[in-house]
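The values are calculated or read from the model by the stated rules, or taken from the named source; none is laboratory data. This one's a predicted model, so the numbers in the text were calculated from it and none came from an experiment. Neighbour counts run over all protein chains shown; Cβ positions are idealised from the backbone, glycine included. The area values use the complete protein model at the heavy-atom level, side chains included, leaving out ligands, DNA and RNA. Shrake-Rupley method; radii C 1.70, N 1.55, O 1.52, S 1.80 Å.
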Amino acid sequence: MSYQINKGINRPIEFKGLKAQYIGYLGGGLVALLVLFAVLYLIGLAIYLCLLIIAALGSGLFYKVFELSHRYGEHGLMKRNARRYLPDYLKFRSRRLFYEKR
């Protein structure tokens, strides 16, 4: 018997160039576009106008998600967003904190 070795262990999920959480972002965006299409159709907008609006927003969604995936990679977007919560500077009035032994 021969077994194949899975060499993709601990690697991020990748689908057609999208990495990690961007697959979820694209899926959520597509669901939102589906709901938007239903709402536009139910309020009585012409079907061709609904399709045109959804096609334009969908292509923009694909472009933006792929751009973010290629620019920031697997964890880069989370790191960029976390940087907002870092303080600009830290103020110390003494060096006692660094000399104390714990």
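What a 1.4 Å probe finds exposed on the chain is 62% carbon and sulfur by accessible area, rounded to a whole percent.
With r as the distance between the Cβ atoms of LEU51 and ARG71 and R0 = 35 Å, compute the FRET efficiency 1/(1 + (r/R0)^6) and round to 0.05. According to the calculation, E is roughly 0.70. For the chain, the longest principal axis of the alpha carbon atoms and the long axis of helix 47-72 meet at an angle near 20°. A value for Rg and Dmax of the Cα atoms in Å was derived from the coordinates, and within the list [x] 23.2, 73; [y] 17.6, 63; [z] 16.9, 59 it appears as [x].
With a Förster radius of 25 Å applied to the beta-carbon distance between GLU14 and ALA82, the computed FRET efficiency rounds to 0.65.
In the chain, the longest principal axis of the Cα atoms and the axis of helix 21-42 are about 40 degrees apart. The largest accessible area among HIS75, HIS70 belongs to the first residue in HIS70, HIS75, and the rest follow in falling order (1.4 Å probe, all chains).
Based on protein heavy atoms only, the chain ends up with 91 Å² per residue of surface accessible to a 1.4 Å probe.
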